[in-house]
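Everything on this sheet refers to the single structure shown next.
The numbers here are math on the coordinates, done by the rules we state, and not lab data. For clarity, every value in this text was computed on a predicted model and none was experimentally measured. As a convention, Cβ positions derive from the backbone with ideal geometry for all residues, glycine included, and neighbour counts pool all protein chains shown.
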Amino acid sequence: MPLEARELAISVTDLTKHYGERAAVSHANFDVPMGTVCGFVGPNGSGKTTTMRMLLGLISPSGGNGKVLGEPISDPAKYLDRVGAMIEGPAFYPSLSGAENLKVLATLGGHSLDQVQVLLDRVGLGDRAKSKYKTYSLGMKQRLGIAAALLPNPQLLILDEPTNGLDPAGIQEIRDLLRSLANEGTTVFVSSHLLAEIEMISDSLVMLRQGEVIFAGKTQDLLLQQQPTILARSEDPKDLPRLIQIAREAGHEGSIIGSVAHILGPREWASTLNKLAFDSGITLAQLSPVLPSLEETFFEMTGAGE
Amino acid sequence: MIRVFFAEWRKLRRPVLFFGTMFAVVGFTALITSLLFLMIDSTRGNGREGQIINRLTLELPHGLSVGFSSASGFLGLIALCIFASQTAQEYTHGTLRNLLVRQPRRLTLLAGKFLSMCLFALISVILSAIVSVVFAFALSGKAKVVTTAWSTSAARSGLMHTFVNVLISVIAFGTIGMILGLLLRSPITAISIGVAWLLVVENILAATVKHSAQWMPGSMATTVATGGDINASYSHALWVLSAYLAVGVLIAGFFFRRRDVTN
């Protein structure tokens, strides 16, 4: 059932941006429901950052329209005070400290200066608040960018590659932070190359390829659309070719990778495969239906791995 | 706009920039005023561009502000550099997008930044005036300049007029810097072109093309600071300067408002 406009944090219709003859974004249509985490994925140059810039009023669309928090993107002043954003990496004044940089932005946005230290503590920069920005590592700069995005206590958070430069522990912290923000009611629209992270935290997904939206919807729906695989391991590895043969005769393609047979087929066909294998005298040691990961789906849909 | 003003002020008041600039203002004003009095008998001149400013001139009521108005060109160059770098660095650091996400009304953002930089310029002009007056009184004895007329209301009025004129001139130089910063989007390019034009191109044109000086923006800004000079009258200079600035502000404002922010 379609959501009503007031239930949507972002809604774009035929959003288009041309640079000369080249379409950076072409007739994009997608919605992001309120209070969810929405992953925004696509290969480099697919139009993610351009789309985010249009949502933030930094560039004007060539066509189409959109709404953010119920307000048209043609009038960003109406909604930007409720939006936190970090676009194309963090950008701050090198000779100011992290805290002073945030104070500049807090003053500009009319936010409480008391928030600054709280947010620096929240992103793990509390003890480096007075260090100059130019002395920060890439990961620290990224954290400061996220703190800046959180300054307005936003209803909608738009983050472009927020985990760039972070170590695994930092990535997990940001993942937990985004999830907790979503639990508190903040809508998070986040682009990332780390598809495993996106898969873990996102409720919905918008996938771009060459400026066009090729999927927009729930993450689970996307994965369920993909051909699931049944992984089978026999007690005797010599039986695997025969198992593949049995699957093919039943209309299911398969291959052997290592000591495991990968057979394309729905979850419910696993029991049939088990029975067919048993009837042929093959004892299975493991039988597990799996969905392809978001990463596998991404490569298949975008052709990015080719 | 008030939030933009204070946000910009946070950047302008950082110690290296603020005290560094004010130290330069104090030093240069002190130097200009000292040369004016200590080289009063020099045949090579003691004023701007080798002018000879004698005792009789300095002993007049407006003699108190001659050192101050002579420093205006340097104050203008400082303003040009500060306004240009503070504007263009938003592009080179990529911080403009941060500002526009918080203040999407672009002309309001620009106006707030401009006013904040005007405050910076005002402080530098006040400081220069104080230093100039202090040095004038301190060195008048050594230069054998009688200062009786400096204590009259005419002297105070003259100083106030010079202060306003120097402030207008300095803000005009700053505005030129801001326009260049907005159009060129690089502090180094904006400052280089601005300084090269004011110090080199205008002087070459003035020396080679008759009457060209009275139509040059830098020359007219300097004329405004001195209240009129041999190049042009005060009112002519003010009109020409205003026309240049109005056109520049319109063009820069138009591009700033309409241009996509892609870095």
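Counting Cβ atoms of other protein chains within 10 Å of each residue's Cβ and taking the mean over peptide A:103-113 gives 6. Put one equal scatterer on each alpha carbon of the range A:187-282, apply the Debye formula with no solvent term, and list log10 I(q)/I(0) at q = 0.16 1/Å to two decimals. Taken in order of the listed q values, log10 I(q)/I(0) reads -0.75. For the range A:5-224, DSSP calls about 55 percent of its internal beta bridges antiparallel. For peptide B:97-110, the mean count of partner chain Cβ atoms within 10 Å of a residue's Cβ comes to 6. Peptide A:145-158 is shielded by partner chain Cβ atoms: per residue, an average of 1 of them sit within 10 Å of its Cβ.
Which value results when the Cα radius of gyration for the protein assembly as shown is divided by 2.2 N^0.38 Å?
1.36
Peptide packing: for B:249-261, B:31-43, the average count of neighbouring Cβ atoms within 10 Å per residue gives the ranking B:31-43, B:249-261, highest mean first. For the range A:101-207, run through the trypsin sites (Lys or Arg not before Pro) and keep only the ones in DSSP coil with at most 16 other Cβ atoms within 10 Å of their Cβ. Passing sites in the range A:101-207 are A:Lys130.
Within straight-line reach of A:Lys103, meaning a Cα separation under 17 Å, sit the following aspartates and glutamates at least 8 residues removed in sequence or on another chain: A:Asp81, A:Asp114, A:Asp121, A:Asp127, B:Glu8, B:Glu90. Footprinting exposure proxy ranking of A:Thr51, B:Thr57, A:Thr219, fewest other C-beta atoms within 10 angstrom first, gives B:Thr57, A:Thr219, A:Thr51. Sorted largest first, the spans of the alpha carbon positions of the range A:227-290 along the three principal axes are 27, 24, 18 Å. Could you work out how far helix B:106-140 tilts from the main Cα principal axis of chain B, as a 0 to 90 degree angle to the nearest 10? Helix B:106-140 and the main axis of chain B meet at about 20 degrees.
Calculated on the alpha-carbon coordinates, the convex hull of chain A measures out at 165 cubic angstrom per residue.
With the alpha-carbon atoms of chain B aligned to their principal axes, the span from lowest to highest coordinate is 61, 42, 29 Å, starting with the largest. Computed from the Kirkwood radius of its Cα pairs, the Stokes-Einstein diffusion coefficient for the range B:157-263 at 10 °C and 1.306 mPa s stands at 108 µm²/s.
Rounded to the nearest 5, what % of the DSSP beta bridges within the range A:150-306 are antiparallel ones?
Expressed as a percentage, antiparallel bridges in the range A:150-306 total about 80.
Remark: chain B carries a charge dipole of roughly 920 debye about the Cα centre, counting +1 on each Lys and Arg Cβ and -1 on each Asp and Glu Cβ. When the helices of chain A are scored as -39500 (n - 2.57) per DSSP H run of n ≥ 4 and the total is divided over every residue, the value at 222 nm lands at -10000 deg cm²/dmol. Across all Cα pairs in the range B:3-87, the calculated P(r) in 10 Å bins from zero up to the longest distance comes to 16, 38, 24, 16, 6, 0 percent per bin.
Summary value for chain A: 19 percent relative contact order, contacts being C-alpha pairs under 8 angstrom separated by 6+ residues.
From helices alone, chain B scores -24000 deg cm²/dmol at 222 nm; the rule is -39500 (n - 2.57) for each run of n ≥ 4 DSSP H residues, then divide by the residue total. When each of the peptides A:57-63, A:157-163, A:235-241 is scored by the mean number of other C-beta atoms lying within 10 Å of its residues, the order from highest to lowest reads A:157-163, A:57-63, A:235-241.
Sites listed here are GluC sites (Glu not before Pro) in the range A:119-218 whose DSSP assignment is loop and whose Cβ has at most 10 other Cβ atoms within 10 Å: A:Glu184.
For B:Phe18 and A:Ser137, FRET efficiency with R0 = 41 Å and r from the beta-carbon atoms, rounded to 0.05?
Result of the calculation: an efficiency of 0.90.
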